[in-house]
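Comments concern the structure below.
The values are calculated or read from the model by the stated rules, or taken from the named source; none is laboratory data. Keep in mind the model is a prediction, meaning the values are calculated, not measured. Backbone-built Cβ (ideal geometry, glycine too); neighbour counts: all protein chains shown. In case anyone asks, the SASA skips ligands and DNA or RNA and just uses the protein heavy atoms, side chains included. Shrake-Rupley method; radii C 1.70, N 1.55, O 1.52, S 1.80 Å.
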Amino acid sequence: MELERTARYIAQLSSRGYKYAVVGKLARYDKKLVKRLEYEGFVFYLCRFQTKKEVVEYCLERAEGTFRVYCLSAKPLEFPNAPLKLHYDEKTKRLRLLAQRSFINECLRVIERASSLKYPNHKMYTIKVNEALRNLYSILAYTYNDKERLRAIKRKVKHLFVSALKENYGIEPKKAMEEYRRFVVKFSDVLKKKQRANSSTS
């Protein structure tokens with residue numbers, strides 16, 4: 001299953017009480033209680049039970065070999081082949097697909113390093129920032145409504161960009177803000193591009 005289809009399927013199941021995930025191989029399971037998902041060879045099952053004990057007891061009778069149970073509100077399930085994790089939010093009672101923090105931090109570190117260097121001109125610096133942001137936003141586009149995290153990222157990038165233009169290229173903050181608004185890649189543009197690509201292939 002491709003990432004877009006996986007993300008959509010998780011979004012469909014979001015509010016249906018799938019609090020637990022199982023990694024392993026299950027057979028003869030009730031499809032009303034258990035949903036099988038696969039992304040690039042990584043297979044896991046979402047389970048709709050009230051307690052971890054119930055999940056373990058259910059899987060003991062159906063597992064082929066060893067298995068591992070994740071309580072998604074306490075320990076999100078990290079995808080091994082994409083910088084994403086699956087989390088159950090107890091406050092909203094919804095399943096959420098989120099970007100892994102290590103991936104977000106690495107993208108921001110790339111921007112921080114670029115901001116600490118002085119390129120021949122600020123346009124080359126902007127290119128470096130946009131490369132890192134496209135990489136980051138292309139994953140965030142699958143996470144659906146992680147608005148707080150997105151706002152925090154935008155604030156940090158804006159601060160780094162405006163400060164770097166002032167300190168490294170002598171561009172005043174007002175002009176730097178204009179440069180930011182005009183030339184730094186926007187999350188909405190990345191999201192629209194993804195949606196257009198999906199509509200053309202569907």
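Taking helices (runs of 4 or more DSSP H) that fall entirely within region 124-202, which contain at least 1 residues that are farther than 23 Å from Lys85 by Cβ and open to solvent by less than 30 Å² (accessible area, probe 1.4 Å)? Don't jump to the end; show me each part of the working.
On the way: elements: 147-169, 173-183, 187-201.
Helices (runs of 4 or more DSSP H) meeting the threshold: 147-169, 173-183.
Go through region 21-67 and count every residue that is within 23 Å of Pro83 (Cα to Cα), of a type in the set (A, V, I, L, M, F, W, C) and outside any strand (DSSP E or B).
1
Which of the residues spanning region 36-89 are modelled with pLDDT of 95 or more, open to solvent by 30 Å² or more (accessible area, probe 1.4 Å) and touching a helix residue (DSSP H, G or I) at 6+ places or on another chain (Cβ under 6 Å)?
Phe67, Cys71 - these are the residues of region 36-89 that are modelled with pLDDT of 95 or more, open to solvent by 30 Å² or more (accessible area, probe 1.4 Å) and touching a helix residue (DSSP H, G or I) at 6+ places or on another chain (Cβ under 6 Å).
Test of understanding: among Arg155, Arg149, which residue is within 24 Å of the chain's Cα centre (by Cα), in contact (Cβ under 8 Å) with a residue 40 or more places away in the chain and within 27 Å of Gln100 (Cβ to Cβ)?
Details: Arg155 fails: in contact (Cβ under 8 Å) with a residue 40 or more places away in the chain.
Exactly one of Arg155, Arg149 is within 24 Å of the chain's Cα centre (by Cα), in contact (Cβ under 8 Å) with a residue 40 or more places away in the chain and within 27 Å of Gln100 (Cβ to Cβ), namely Arg149.
If you go through region 23-35 one residue at a time, how many are touching a Gly at 6+ places or on another chain (Cβ under 8 Å) and surrounded by fewer than 16 Cβ atoms within 10 Å (Cβ to Cβ)?
Just the residues of region 23-35 that are touching a Gly at 6+ places or on another chain (Cβ under 8 Å), to begin with: 24-25.
Adding the requirement that they be surrounded by fewer than 16 Cβ atoms within 10 Å (Cβ to Cβ) leaves 25.
Number of matching residues: 1.
Given the conditions (1) open to solvent by 80 Å² or more (accessible area, probe 1.4 Å); (2) at pLDDT below 95, which single one is not true for Ala99?
Answer for Ala99: the failing condition is (1).
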